[in-house]
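Below is one structure, written out as structure tokens, with a few remarks after it.
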Amino acid sequence: MIGAMTRHDVIIIGGGQAGLSLGYFLRRTQRSFLILDAEGGPGGAWRHAWESLCLFSPANWSSLAGWLMPATAQAFPTRDEVIDYLGRYEDRYGLPVRRPILVNAVERSNDGLIVRSGDNAWQARAVVSATGNWRHPHIPTYPGREAFTGMQLHSADYVSPAPFVGQRVLIIGGGNSGAQILAEVSQVAETSWVTEKPPHFLPDDVDGRVLFERATERWRAQQEGRTTEHLPGGFGDIVMVPPVDQARSRNVLHAREPFARFTPHGVQWADGSEAAIDTVIWCTGFRPALSHLQPLGITDDTGRVPVTGTRSSAEPRLWLVGYGDWTGMASATLIGVMRTARSTAQEIDTFLASR
Ligand code: FAD
């Protein structure tokens, strides 16, 4: 039996940094809204990041709208400091977050959209999906992977190097996750590193600030219809945070081209040689967590939802915030999501006023 269906102007699905940032701007309108979040507490994906994860930008470059992240002990905030900040941010602005609530479906109704979680349902005149990507890790197909008898885990499930002491560990993926996990595991295990193309390390004095400035330059160029090919690096480039810098001094940061196939006990390289491997850690990124939108039939074959700005092209009462460049340049970062959270709140307010 469905519980009584409450009705809101806006339902935001996801209470991570993107959902909170949107809540901050919606608060300024007269719209009633609710944030439904699947986690047991604040912090979004940061709750699942590994223990030693640190941001690649300093605190004042990792803040949501309205409140600068307080200065942190180290130059780069830790995972726990981000979780603490997001929890205090919710309280500071009295954001209406209900958790833990996992939304299973968003459906059309006569006068809006219905958001369902088990036997509960909410009616909304507009819905915003801000569910991030952590719940949808991506592992590419590889010949022989099913026959590999060693351990495999995705970076989404990596917590610390403790389980890998004395092992032979293969880390796959050339972004910040791969580099930071390699830096840590290589201190307790024999590691090898595979990347699709040679990893691109940013200069030592470049951190997330520069990445954000570059992303902004690319965003401006796109807005003005200019080409962006000539503009340098993006968020896939590796920031030399202290643990990665320390790994460089241990001469660990050497990547190999992808191997040909898995064998039952390891991998076979293109030249036919083999290496015994105990554990593979896949640092191969994520895909947007959008299964709750499946009933709307609007997801394309890349697993994304075609949007104009952040608004669904096929369902005008639906917006998507925080998924990375396809929903706004740098929108998957703490500081970058502000721009599209602000514009989305304004667009929703205008849309509801017109109905
Ligand atoms: P999330 O943080 O994933 O939050 C989404 C929320 O929605 C979660 O609470 C989830 O439980 C909930 N949810 C999902 N599905 C449902 C559902 N169906 N129903 C209800 N709730 C749901 N960003 C930076 O700004 N600076 C950095 O230095 C930085 N470093 C990073 C380093 C690594 C290694 C990684 C992997 C990421 C890094 N990021 C960084 C990116 C950042 O962690 C994510 O992009 C960010 O967490 C995305 O925020 P979000 O709110 O969009 O999604």
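Sorted by packing (mean other beta-carbon atoms within 10 Å per residue), highest first, where do 94-106, 261-273 land? It would help to have the intermediate numbers written out before the result.
Numbers: 94-106: 16.8, 261-273: 14.5.
Listed from highest to lowest mean packing, they are 94-106, 261-273.
Extent of the range 22-118 along each principal axis, from alpha carbon coordinates, in Å, largest to smallest?
For the range 22-118, the Cα extents along the three principal axes come out at 52, 30, 19 Å.
Express the C-alpha Rg of the range 169-328 as a ratio against the empirical globular expectation 2.2 N^0.38 Å, rounded to two decimals.
Numbers: Rg = 19.4 Å, N = 160, 2.2 N^0.38 = 15.1 Å.
Compactness ratio reported: 1.28.
Could you work out the longest stretch of the chain that avoids the GluC sites (Glu not before Pro) located in DSSP loops with at most 12 other Cβ atoms within 10 Å?
Details: sites that count: 224, 229.
My reading of the result: 1-223 is the longest stretch.
Find the accessible area per residue for the range 1-89; the probe is 1.4 Å, ligands and nucleic acids are left out, and the unit is Å².
For the range 1-89, the per-residue accessible area is 40 Å².
Quick one: accessible surface of residue 286, probe radius 1.4 Å, all protein chains present, in square angstrom to the nearest 10.
60
For the chain, just the Cα atoms, rotate onto the principal axes and tell me the three extents in Å, largest first.
66, 45, 40
Given an 8 Å cut-off on Cα distances and at least 6 residues of separation, report the relative contact order of the chain as a percent.
23
The values are calculated or read from the model by the stated rules, or taken from the named source; none is laboratory data. Worth saying up front: this structure is predicted, and the values here are computed from it rather than measured. Don't worry about glycine lacking a Cβ; one is built from the backbone with ideal geometry, like all the others, and counts go over all protein chains shown. Accessible surface areas use protein heavy atoms only, side chains included; no ligands, DNA or RNA. Shrake-Rupley method; radii C 1.70, N 1.55, O 1.52, S 1.80 Å.
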